[in-house]
Amino acid sequence: MNSSNKASISSVITELVGHLSQLPGIGPKTAERLAFHIIKAPESKIVSLSQSLVKAKQQLTFCKTCFIVTENDPCSICSNEFRDHKILCVVHDSIDAYAIENTNTYSGSYHILNGSISPMNGIGPNELTISQLLMRINNNLPNEIIIATNPTIEGDATSTYIINQIKNDEVKITRLAIGIPIGGDLDYTDNKTLTQAFNSRQPIR
Amino acid sequence: MQKTKYLNFEGITISSNDYGEFDKIYNILSESEGVISCIIKRIKKNNNPNYDSIDIFQKMEFKASVRENFWTIYEAKNKYSWLDRPINLAKLSSSNIIAELCIKFNSINENNTYIYHLVNICLSLISKNNILFSLIYFQIKILISEGIFPEINNCLSCNTKLTPDDYYLIFEIGGLSCSKCLTDNTKIKLLESEIRLIKYMSKIELSYNESDQKTIGNLDINLYKKISEYIKYHTTQEIKSEKIFFTSLN
């Protein structure tokens, strides 16, 4: 069945598939599957889904301090007086901050870069919230900045750029360790990861 | 329906995009096929023992299945990585420029083996901080490879020898013009020293082992920009990484 035949079956389905396939990670085939799932699902569920979508778009905004996705500005993390605002964790996206929050091990604040430097996509330092981060560092003088960018070449270039821009020598800058995942086997770990794991080894006594 | 083929090949990862929840699509430059788009499944989960850590600008040994031009990588072993940490913006963005040019010229390129070795040499030059030399060398060699390298010996219209003042590269005719023959065509002025450099670089052919020794003093970013304008005229496409590359030089 080609696309012109589908269009003749229902323009509504074609439109829905078109919208869904524009979402990140959704190809035309998955979009079709989702569309038919939506059609078959009870109306109440779909109404509730569409209301959630509209609500998310209307009510969510970005915190003007840390740029995390939030309902209130400042966000619940920036306005929480029990958190240590002298420690700043720099991440690519809000979803990374949520992943760290799920660990329940970090009680500092965040700074969301809104992406990583990606020259091929035309994203340079000016397209990210790096200047706001530098302003924040100058105004608040944190004790520690934890760089938690992805361990990819683009994530590493982003972290190198940020580190070079921080002129204040008194601020401690750390990076998340790169190494062997829990439950992984040493003999299956590739050379690059193993080298990094050796370089970032920690004293235990 | 075509049968599934299984292939082993060496390639350089030149760009990647997220695909779905756990997968990524990599553009891989290979010696036999040029740039191919391959899906690597569950690579974001990072716990598949069949894959080494994969990132861009790595030379790797791949095992892939191909069906109806749809490439799926099921094994990848790292051979060499050009961009060592910490990675600066100039190295990343210049490598990205080379990647973009490979992708842009891929559809018409038949010299895959030559381009593959050229990219090896140029990434090696970049890793040793010979960034501008690498980019200009790549520009010139890809123009030669595509058959659009300009004629830079005489005025293409009247065939007279050019004086130091009137070197104009005319985009439409793909060559130089003297001031008498100059028309309203798209053009750019080239300095005598720039012409000499272009001629020199068009004649030299680096091997991979030479890439750590080769460098030229007085290379100017303006020469890169001028050749880039010429390439843009022929490809009608912007090179997105250039903007960030110029920022990185400041």
Return the sequence-ordered ³J(HN,Hα) values of the range A:118-123 in whole Hz as given by the Karplus equation 6.51 cos²θ - 1.76 cosθ + 1.60 applied to θ = phi - 60°, using x for Gly and Pro.
9, x, 5, 9, x, 9
Specify the angular offset, from 0 to 90 degrees and rounded to the nearest 10, of the alpha carbon long axis of helix B:221-235 from the longest principal axis of the alpha carbons in chain B.
70
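So what is the calculated 222 nm ellipticity per residue for chain B, using -39500 (n - 2.57) for each DSSP H run with n of 4 or more, over all residues, to the nearest 500 deg cm²/dmol? If you can, show how the numbers build up before the last one.
Numbers: 6 runs with 86 residues, N = 250.
Helices in chain B give a 222 nm mean residue ellipticity of -11000 deg cm²/dmol.
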How big is chain B on each of its three principal axes, counting only the C-alpha atoms and giving the largest first in Å?
65, 45, 31
Could you work out the mean projected area of the convex hull around the alpha carbons of the protein assembly as shown, in square nanometres to one decimal?
30.0
Unpartnered cysteines - no second Cys beta carbon under 4.7 Å - across chain B:
B:CYS38, B:CYS102, B:CYS122, B:CYS158, B:CYS181
Between the range B:230-249 and the range B:125-163, how far is it from one alpha carbon centroid to the other, in angstrom?
16
Suppose R0 equals 45 Å; then what is the FRET efficiency for A:LYS57 and B:ASN209 from their Cβ-Cβ distance, rounded to the nearest 0.05?
0.20
For A:GLY122, distant residues with modelled amide H under 5 Å away:
none
Taking a virtual spin label 7 Å from the Cα of A:THR103 along the C-beta vector, which residues in the range A:77-96 bring their backbone nitrogen under 13 Å of it?
A:89-91, A:96
B:GLU75 long-range amide H proximity, modeled H, under 5 Å:
B:LYS63
Given B:126-134, A:47-55, A:130-138, the highest-first ranking by average Cβ count within 10 Å works out to B:126-134, A:130-138, A:47-55
Under the definition of partner shielding as Cβ atoms of other protein chains within 10 Å of a residue Cβ, what is the mean value for peptide B:53-60?
3
Over all residues in B:88-96, what is the mean tally of Cβ atoms on other chains that come within 10 Å of each residue's Cβ?
5
So between B:ASN48 and B:ARG85, what do we pick up on full extension, going 0.36 nm a residue minus the alpha carbon distance?
11.0 nm
Across 5 Å bins from 0, what is the distribution of all Cα-Cα pair distances for the range B:127-250, in whole percents?
2, 10, 20, 22, 20, 15, 8, 3, 1, 0
Just to confirm the number: angle between the C-alpha axis of helix B:131-146 and the first principal axis of chain B, 0 to 90 degrees, nearest 10?
90
Accessible surface buried once B binds A (1.4 Å probe; total of both sides; Å²):
2200
Backbone HN-Hα couplings from phi across the range B:245-250 [Karplus 6.51/-1.76/1.60, Hz, Gly and Pro as x]
4, 5, 4, 5, 7, 6
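Under the definition of partner shielding as Cβ atoms of other protein chains within 10 Å of a residue Cβ, what is the mean value for peptide B:235-246? Can you show the working numbers first?
Numbers: counts 0, 0, 0, 1, 3, 7, 6, 2, 5, 12, 2, 1.
Average per residue, whole number: 3.
Dividing the convex hull volume of the Cα atoms of the range A:150-205 by its residue count, what figure in Å³ per residue is obtained? Before the final figure, lay out each step's value.
On the way: hull volume 6.3 nm³, N = 56.
In the range A:150-205, the Cα convex hull volume per residue is 113 Å³.
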Membrane-span-like helices in chain A: DSSP H runs reaching 20 Å or more (Cα, own axis), mean Kyte hydropathy at least -0.5?
A:43-59
Rounded to two decimals, what is Rg over Rh for chain A when you use alpha-carbon atoms and the Kirkwood radius?
1.07
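A:GLU144 to B:SER179: FRET efficiency via 1/(1 + (r/R0)^6), r the Cβ-Cβ distance, R0 56 Å, to the nearest 0.05? Mind dumping the intermediate values first?
Numbers: r = 63 Å, r/R0 = 1.13.
It comes to 0.35.
Counting only Cα atoms, I'd like the Rg/Rh figure for the range A:39-108, Kirkwood definition for Rh. Don't jump to the answer; show the numbers that get you there.
Details: Rg = 15.8 Å, Rh = 14.1 Å.
Answer for the range A:39-108: 1.12.
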Non-local amide H neighbours of B:GLU151 (under 5 Å, H modeled in plane, Pro and chain starts lacking H): which ones?
B:GLY175, B:LEU176
Table column - 3J(HN,Hα) (Hz), the range B:175-186, Karplus curve with 6.51, -1.76, 1.60, x for Gly and Pro
x, 8, 9, 7, 5, 5, 8, 5, 10, 7, 5, 5
Of every Cα-Cα pair in the range A:93-199, the percent that sits beyond 23 Å:
36
Cα coordinate range in the range B:1-138, projected on the principal axes (Å, largest first)
46, 34, 24
Need the full-extension length gain, B:ASN69 to B:HIS234, defined as separation in residues times 0.36 nm minus the C-alpha distance. One decimal, nm.
56.6 nm
Expressed as a fraction of 2.2 N^0.38 Å, the rule-of-thumb size for a compact globular protein of N residues, what is the C-alpha radius of gyration of the range B:139-178?
1.18
Angle in degrees between helix B:192-203 and the longest Cα principal axis of chain B, rounded to the nearest 10:
40
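The values are calculated or read from the model by the stated rules, or taken from the named source; none is laboratory data. Bear in mind the structure is a predicted one, so any value in this text is a computation, not a measurement. For neighbour counting, all protein chains shown are included, and Cβ atoms are generated from backbone atoms with ideal geometry for every residue, glycine included. The protein model used for the area step is the full one, side chains on, heavy atoms only, and it has no ligands, DNA or RNA in it. Shrake-Rupley method; radii C 1.70, N 1.55, O 1.52, S 1.80 Å.
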